[in-house]
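The values are calculated or read from the model by the stated rules, or taken from the named source; none is laboratory data. What you are looking at is a predicted structure, and each value in this text was computed from that prediction instead of being measured. Please note: Cβ atoms are built from the backbone with ideal geometry, for glycine as well, and neighbour counts cover all protein chains shown.
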Amino acid sequence: MWIYNITILSLKQLKRHWFRTLLTLSGTACGLFLFVMVESFHTSIKLATEEQAGDDTLIVYRDKRFCPFTSRLPEDYQNKISKLKGVMTVIPVQVVVNNCSTSLDTVTFRGFPDKLAQVFFKDTNIKAEQIINWQKKSDAAIVGKDLASRRGLRVGDSFDAAGITVRISSILDSDDPQYLNAAYVHLDFLQKASRRGLGEVTQFNVKVHDYREMDSIAKNIDNMFRYDREPTHTRSEKAFVANTAKDMMQLIGFTRWLGLASVFAVLMLIVNTIIIAIRGRVKENAILQCVGFQTEHLVWMTLSESILIGVLGGFLGISVASLILHYGHIAISSEGLTIAFSISPQIAIESIVIAIIIGLIAGIYPAMQSVRSSLVQRLREA
């Protein structure tokens, strides 16, 4: 019971010096905000590039090509690949981007045969009537939710990018971020609009029956076209994303040091604030001890004050980071692939725990200092 009462007293101490508390909370929130953003970026990259059991998609790309502008494969490769043992479906995909370099606002068009729409959108929540409406018009586009939000697009709007004009037939939502930042159009329409010509695509998305045979199937595909006019390089979808995003991975890996530095800065900030607070009420604490407060009461009052600052500041920083990532639709695109950043519940929980630990550690030294000298000596201090 006394722990609750002392915690309430600590909260009143923070309110008593509200301006100092506000400054400390702001600094703590900024530090935890930076930490959460960096961890969210790292986790999003990890989820997009780490292969997991059950991944069953291969990407067939032009060998020694990276940007979609340079990868050109004959569309008739589809029939040859589909005859290989272990292959379930083969979807030819034309990719056109308005910017092939790394960017925060890249528009990616993906064209595929309309007869394969059900297979292509298998992992999304798109409805059958939406696909039917899209199939009715040659210039219709199904636009990912994040791209639509970023560009302020709605169903029925006309949309132009990379010299291609389409009309939005529906907005697509999915648990896979890759679907949310692209516009999906008819393959023949995109081939004509991009002036690449019929019969030519950027890549093939290959679904396999057994994910354990992906490596062998990839080798068989590349061996089949090794001496053709357009040799291929086949990788799993996650490996393909990882190769494209390797520069981003290195950059975000480095920023983790910034996240750790921000945590250390928060720790030092809280320690400094609590030490100043304790030094300002040495005599006050001594009087409290005279009227019946025990040593553990004073120690907990200091620790709880430090923990409250860490938790409140951390909650504020995490909340702001969550709002920015959720409503800002932050995503980095490179070579036609997009990695969207979002905060997971696990990161939020871990950050709150870290905030509590920071507050606890930061309060240990000031708590020891608050009861270190004798009671008489503390009473004599001004």
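Here are some notes:
Condition check ((1) outside any loop (DSSP other than H, G, I, E, B); (2) in contact with a Lys or Arg (Cβ under 8 Å, 6 or more places away or on another chain)) across all residues:
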| site | (1), (2) |
| --- | --- |
| Q78 | yes, no |
| K85 | no, no |
| M88 | yes, yes |
| N99 | no, no |
| K115 | yes, no |
| I132 | yes, no |
| A141 | yes, yes |
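- S262 being closer than 30 Å to I339 by Cβ, among the hydroxyl-bearing types (S, T, Y), assigned by TED's automatic domain parsing to the domain that holds Y77 and assigned to a helix (DSSP H, G or I): no
- Some residue of segment 330-342 being in the same structural domain as A29 (by TED's automatic domain parsing), assigned to a helix (DSSP H, G or I) and either out of contact with any Ser or Thr (no Cβ under 8 Å at 6 or more places or on another chain) or at pLDDT below 75 (or both): no
- Residue in segment 134-151 that is modelled with pLDDT of 85 or more and under 18 Å from S71 (Cβ atoms) present: no
- Condition met for I126 (without any contact (Cβ under 8 Å) to a residue 24 or more places away in the chain, in the same structural domain as L180 (by TED's automatic domain parsing) and either surrounded by 14 or more Cβ atoms within 10 Å (Cβ to Cβ) or not hydrophobic (A, V, I, L, M, F, W, C) (or both)): no
- Residues that are closer than 22 Å to A340 by Cα and touching a residue at least 24 places away in the same chain (Cβ under 8 Å), drawn from segment 129-150: A141, I142, V143, G144, K145, D146, L147, S149, R150
- Matching entry among N181, N243 (being buried (at least 21 other Cβ atoms within 10 Å of the Cβ) and under 25 Å from S333 (Cβ atoms)): N181
- Unmet criterion (only one of (1) under 30 Å from L198 (Cα atoms); (2) assigned to a helix (DSSP H, G or I); (3) hydroxyl-bearing (S, T, Y)) for T70: (2)
- Residue, surrounded by the fewest Cβ atoms within 10 Å (Cβ to Cβ), within segment 24-70, restricted to residues that are charged (D, E, K, R) and modelled with pLDDT of 80 or more: K64
Rundown of residues vs (1) among the basic types (K, R); (2) in the same structural domain as A331 (by TED's automatic domain parsing); (3) under 30 Å from H233 (Cα atoms), yes/no style:
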{"site": "Q94", "(1), (2), (3)": "no, no, yes"}
{"site": "I132", "(1), (2), (3)": "no, no, no"}
{"site": "S138", "(1), (2), (3)": "no, no, no"}
{"site": "A148", "(1), (2), (3)": "no, no, no"}
{"site": "R151", "(1), (2), (3)": "yes, no, no"}
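- Exactly one residue among F240, F189 is in contact (Cβ under 8 Å) with a residue 24 or more places away in the chain, farther than 20 Å from Y77 by Cβ, out of contact with any Pro (no Cβ under 7 Å at 6 or more places or on another chain) and assigned to a helix (DSSP H, G or I), and that residue is F189.
- A count restricted to segment 10-51 and to residues that are over 24 Å from the mean Cα position of the chain (by Cα) and of a type in the set (A, V, I, L, M, F, W, C) stands at 7.
- Test: V119 is modelled with pLDDT of 90 or more and more than 23 Å from the chain's Cα centre (by Cα): no
- Some residue of segment 112-120 being within 30 Å of A367 (Cα to Cα), aliphatic (A, V, I, L, M) and surrounded by 20 or more Cβ atoms within 10 Å (Cβ to Cβ): no
Table: residues versus (1) under 26 Å from I252 (Cα atoms); (2) in contact (Cβ under 8 Å) with a residue 12 or more places away in the chain.
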{"site": "I8", "(1), (2)": "no, no"}
{"site": "K15", "(1), (2)": "no, no"}
{"site": "C30", "(1), (2)": "yes, yes"}
{"site": "V36", "(1), (2)": "yes, yes"}
{"site": "S44", "(1), (2)": "yes, yes"}
{"site": "K64", "(1), (2)": "yes, yes"}
{"site": "D76", "(1), (2)": "no, yes"}
